[in-house]
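Take a look at the structure below.
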């Protein structure tokens, strides 16, 4: 299923429903919608979302599995447009406590659950649309959250860094169809780590341990973390995200910087991220995606 183009969206009828996972991005999207004159109604997910959201915006707390309750609330509020944003650990089936409506949907939910993340998210998107909702990407509501092309800050990658970035992008393009992850670490043309279920932060911790154990011999301050979306994923869900904590992980891993695909990566707390990168002496750069055939950067 193809996702809508990543551009600003005009207000539709009713408040914007924002399903909130963890982190700072749900509030950034809510603020962007309010600046555009759009009402918002937040649905923080219990156990994931920041409790401080409840003090700032109209909201209803929900739990994973409360599909029927969510539908009643969102329809009562007159919402049509929905954004799902923020960190959420994929729960096990045993952790889900479905309400009656979710139980009726369980055969379909199980069908998409046992696939990879892309299958799960695409299946959920289809269910939203079948109920008459328009599912939007957070970047469609708040385009300013996307990484621009070029350096974010004063430091620039070296030519060696750019060669590592290209190698990393080639690898991510090759692994994308397998729904493995969105990030890789390359140093001196050598692949040090590929993100899987552990996530970017844990992957960087692993690189730091490898360096501490003497398994990585490249100089501290060399090598790059690269994040890129998978070509097959629905961009309304789960775009790669970076923030100040990403910089902390890069520093602990002894890397030289971070590269992301411009226009397809969400930047959380950009001012803090840039300040942290400047203080640590690492670069952050938005680059073009690779052409799917030639491995040359696309325009």
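Projected onto its three principal axes, the C-alpha set of region 146-287 covers 38, 32, 26 Å, listed from the longest axis down. Considering only Cα atoms, the convex hull volume of region 33-93 works out to 98 Å³ per residue. Cα centroids of region 224-284 and region 36-71: 26 Å apart.
Rule-based calculations on the coordinates, nothing more; no lab input. Every value quoted in this text rests on a predicted model; they were computed, and no experiment measured them.
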